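The numbers here are math on the coordinates, done by the rules we state, and not lab data. These numbers come from a predicted model, not from an experiment. A quick note on method: Cβ atoms are made from the backbone with ideal geometry, for glycine too, and the neighbour counts reach across all protein chains shown.
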Amino acid sequence: MSAIENVSRRGFLKGLGAAGALVVGAYYTPKILHRYESDDVRTDADNATLHPNVFVGVETDGTVWIVAHRSEMGTVIRTTLPLVVADELDADWKRVKIDQAIGDPRYGDQNTDGSHSVRSFFDIVRLSGATARLMLIRAAAQRWGVPASECQTDLHVVVHSSSGRRLGYGELATAASKLPVPKKEEVQLKAKSTWRYIGKGMTSYDLTDLVTGKAVYGMDAHLDGMLFASIEHPPVLGGKIKTVDNADALKVTGVAQTIVIDPFKPPPAFQPLGGVAVLADSTWAAFQGRKKLKIEWDNGLNETYDSDQYKKDLQETARKSAKVIRSQGDVDVAFTSTTNTFEGDYYVPLLAHASMEPMVALAEFKDGKVHAWAPTQNPQAVQAIVSSELGIRKEDVICHVTLLGGGFGRKSKPDYVAEAAVLSRKVGRPVKVVWTREDDIKFDYYNAVAAMYMKAAVDSKGRPVAWLQRSVFPPITSIFDVNAVYGDPGHLQQGWTDMPYDIPNLRIENGAAKAHVRIGWLRSVANIYHAFAVQTFTDELAHRAKRDPADYLLDLIGQPRTLNFSGVDYPNYGAAYDAYPWETGRLRRVTEMVVEKSGWGKRKLGKGAGLGIAAHRSFLTYVATVVEVEVNDQGDIRIPRVDTVVDAGLVVNPEVTKAQFEGAAVFGTSVARSGEITAKSGAIEQSNFDNYPVARINEAPYQTNVYLVESDAPPAGVGEPGVPPFVPALCNAIYAATGKRIRELPLSRTNLGKQS
Amino acid sequence: MANAIQFKINGVAHSFDGDPDTPLLWYLRDTLGLTGTKFGCGVGLCGACTVHKSDDAIRACITPMSSLAGAEIRTIEDIGANGLHPVQKTWMQFNVPQCGYCQSGQIMQAIALLKSKPKPTDEDIDEGMAANICRCGTYQRIRAAIKAAAEEKA
């Protein structure tokens, strides 16, 4: 069978059912399209016979529906949280089906960023599964005429052990559905010793689809009659169209029309950037038509933005006293009372996300409502921006979440979904907006460019008695407030406010910087540049004191203690401080462990090789990393081995968690080797993987060993915390191998070869 | 159709008489609905669109339809259509995919690599797979899965 074309959606869905869902050559219609057929936003869990809460439903045939309300971009969260529900329900994983939630505030927060899905929802989803389990137990007890206290569950059945009677969940679903939903206080969670899945983990629910091409991403969303759109955005942020000539574009076969999208009203937030959209009957025709547009731009105020000059300005600001974020003792007195001081300037450029799937979204405006299918980390933000762009109610924006071909924070910002909705309303047909790779690189929300100034006064043993650190970067808040120039507490906290060393005189500052591009969060965010500065400076001080860098790092971390942030604006990643205190003993432990696991100081290294170490807490997780690097005479680097020790509290899904840290080492390799976005006359100079390279298999670490610390602490983040220590550990290893100190990223800016 | 280009996709005969510059990628995705082949860069730099032309791995995003007269193209949809390919099995065994978007291309490239180098060394894998980007960073598992598939096929 070949292509099925021009079938109605309804007919097509019927066909899908008959063919067992997959026909080679057919459109792999997202299952989520079912919802649209009935214009019904209910999930299969909602529709199930027993559905005591939004996360779980039990059918009479024993099928258990579990709702994944977080977005799947590779962290396997779509499996991991449902696995927790299944554990508390004592459900057989083979009988569980996962239902991807639309954007809906009834699930609570759905912005899948900040490495907090498990942390924020662990207790909630445990309760949801345990509630359903208790109702099934009560239904069985009622049927048997025995006290519920005499009944337990085994895998997918309720058991009355004294009589040996058993009833399956499916058989009990109807009776259980007639019972009142128990209050939270009545529900008992399983004891840790009886967990089936939590801590043991499970592979991705989507694994087979992911290796057979059947997984449905935003790029694969389809509606009959849709137009494809490619948009020429203003090359400079805030630019406007002076003149546009679309005559040649309209001559391209397949091009239907062009539409001008209004420029955003500052601040940009998640609004469309504006520009000219070319709509066509295929992606390729839209791309071709767009190339034929002739547009004259008024570039506006950001035309003066030039990365070389901006770097000098940031570094100059970093050398001047600035806003004090945290202070103890008296740094100035200490600096003037000794001549034994040391200082350094550090720099990390703008970084792009470059997820493998460029921005893409399909939207249909019809009868006052919008249905959108999008690879989004934040479907409720889709509702908000589409609602405000179109002047319709948020509830009338139904955002179906597809799989994401990578996200890394970029897909939390739904400007591209708003574009599809705006265009669909204008043409009265479904519109799929497809960004090219060039659009993705040039119109990102970049991780901030940052300059850091570090200064320490040291005692006779080389240990700091005073420490000053000052960072300057255009803040993320600038996308919401055009006047924002200082870092907000939520980003300053990332490896800066919480600098953990035990030093009597300490001052932490932040200088002002104005944004000229959209700044956004990218995997690990401000931790990337802050950890780079702190952990590189630490290594420099160690070498200056002629001490072993690992011993020196442990010395500065000091004895186990809980950091006290009274009087300091320290949000602790939004977590309660008593549940997630900053414990230096945990950072110390992962550091000691990585020393041991990596064979630090004992391992034999080849010619031109070196080891580097760094430790960092981010997203409430403690990580220490040792990187081995080899640098040849030409300055090419190879990373044979990485050891990383992780204390993330309780880990629900260990194998996929290890994969996150393996991936973080690769992501960090990209940041360090070649991550650099620059602007000239306000326009971004990079465009694709040739001039914005990311690590390839031959450049990535050959072997990354991940060790997870057994912990009873509550769960913390795992998606992001691997990146921050990796980058300085690599740079410190390069110093060990070559004697060349890296204070500026990326490495491609430094000649690491013997001849220089 | 007089000047239509004739070729096979996954064993099925097709003909094309549109713009001959149209890349195979968009014909597969937009015309046939074979969306397992992905768009990543559009210029042959990332490998997300890798398909087979006979046994060779090619980049569908830079392969014009005009070059396909008589070609036999195979896409991820046909790999494992009658039972999973050993490479797909080891990909599952080693839990290779994270987001998975690049993995169709990685798998197509790995199958082509194993055709030409049934027992690939690390250097062979570096060389054979370097044109396929995985932004999630699953390379270590890709390498392990390729080696395991090579063992299995022996």
In a shell of Cβ-Cβ distance under 12 Å around B:Ala48, excluding B:Ala48 itself, what net charge do Lys and Arg (+1) and Asp and Glu (-1) give?
+4
Considering only C-alpha atoms, what is the centroid distance from region A:341-387 to region A:156-171, in Å?
48 Å
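If R0 is 51 Å, what FRET efficiency do you get for A:Asp245 and B:Gln93 from their C-beta distance, rounded to 0.05? Numbers along the way, then the final one.
Values: r = 56 Å, r/R0 = 1.10.
Efficiency, rounded to the nearest 0.05: 0.35.
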Positive end of the charge dipole of region A:254-356 (Lys, Arg +1 and Asp, Glu -1 on Cβ, about the Cα centre): tell me which of A:Tyr346, A:Trp297, A:Ala318 has its Cα farthest that way.
A:Trp297
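Average partner chain C-beta neighbours within 10 Å, per residue of B:123-136? Mind dumping the intermediate values first?
Working: counts 1, 0, 2, 6, 2, 1, 3, 4, 2, 2, 9, 10, 16, 16.
Mean shielding count: 5.
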Please get the size of the charge dipole for region B:86-153, origin at its Cα centre, with Cβ charges of +1 on Lys and Arg and -1 on Asp and Glu, quoted in debye to the nearest 20.
220 debye
Most positive-pole-ward Cα, A:Phe565, A:Gln377, A:Val211, against dipole of chain A from beta carbon charges
A:Val211
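Among A:Met359, B:Met65, which comes first, second and so on when ranked by fewest other beta-carbon atoms within 10 Å? All intermediate terms of the calculation are to be shown ahead of the outcome.
On the way: A:Met359 28, B:Met65 22.
Fewest-to-most ranking of A:Met359, B:Met65: B:Met65, A:Met359.
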Taking the Cα centroid of region A:78-126 and of region A:465-532, what is the distance between the two, rounded to the nearest whole Å?
32 Å
About the Cα centre, and with charges only on the beta carbon of Lys, Arg (+1) and Asp, Glu (-1), how big is the dipole of chain A? Nearest 20 debye, please.
540 debye
Could you tell me which of the pairs B:Lys8/B:Lys38; A:Lys597/B:Lys119; A:Lys183/A:Lys411; A:Lys251/A:Lys426; A:Lys214/A:Lys291; A:Lys291/B:Lys53 are separated by over 27 angstrom between their Cα atoms in the structure shown?
A:Lys597/B:Lys119; A:Lys183/A:Lys411; A:Lys214/A:Lys291; A:Lys291/B:Lys53
Roughly what % of Cα-Cα distances in region A:285-416 sit above 27 Å, to the whole percent?
56 percent
Given +1 on the Cβ of Lys and Arg, -1 on the Cβ of Asp and Glu, and no further charges, what dipole in debye does region A:40-209 carry about its Cα centre, rounded to the nearest 20?
560 debye
Taking θ as phi - 60°, what are the ³J(HN,Hα) couplings along region A:123-133 by the Karplus curve (6.51, -1.76, 1.60), each to the nearest whole Hz, with x for Gly and Pro?
5, 5, 6, 4, 4, 5, x, 5, 5, 5, 4
Return the sequence-ordered ³J(HN,Hα) values of region A:657-666 in whole Hz as given by the Karplus equation 6.51 cos²θ - 1.76 cosθ + 1.60 applied to θ = phi - 60°, using x for Gly and Pro.
5, 4, 4, 4, 7, 4, x, 5, 5, 6
If we count other beta carbons within 10 Å of each Cβ, what is the order of A:Ser711, A:Ser117, fewest first?
A:Ser711, A:Ser117
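Could you calculate, for chain A, the ratio of the Cα radius of gyration to the Kirkwood radius, expressed as Rg to Rh?
Values: Rg = 27.5 Å, Rh = 27.7 Å.
Over the Cα atoms of chain A, Rg/Rh equals 0.99.
Once you average over the residues of A:651-663, how many Cβ atoms of partner chains fall within 10 Å of each Cβ? Walk me through the numbers on the way to the answer.
Values: counts 0, 0, 0, 0, 1, 2, 0, 1, 10, 3, 1, 7, 10.
What the average comes to for A:651-663 is 3.
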Which residues among region A:156-171 fall inside the zone where the amide N is under 19 Å from a point 7 Å beyond the Cα of A:Ala191, along Cα→Cβ?
A:159-162
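Please give the length that would be gained between A:Thr336 and A:Gln152 if that part of the chain were fully extended, namely 0.36 nm times their separation in residues minus their C-alpha to C-alpha distance (nm, one decimal).
Roughly 59.2 nm would be gained on extension.
How shielded is A:279-286 by partner chains, expressed as the average number of their Cβ atoms within 10 Å of its Cβ atoms? Walk me through the numbers on the way to the answer.
On the way: counts 0, 1, 1, 8, 7, 14, 5, 2.
Per-residue shielding by partner chains comes out at 5.
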Of A:Met135, B:Trp91, A:His51, which is farthest along the charge dipole of the protein assembly as shown in the positive direction, counting Lys and Arg as +1 and Asp and Glu as -1 at C-beta?
A:Met135
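May I ask you to sort A:Trp195, A:Trp65 by Cβ crowding, counting other Cβ atoms within 10 Å and putting the fewest first? Spell out each step's value before the answer.
Values: A:Trp195 15, A:Trp65 21.
Ascending number of Cβ neighbours within 10 Å: A:Trp195, A:Trp65.
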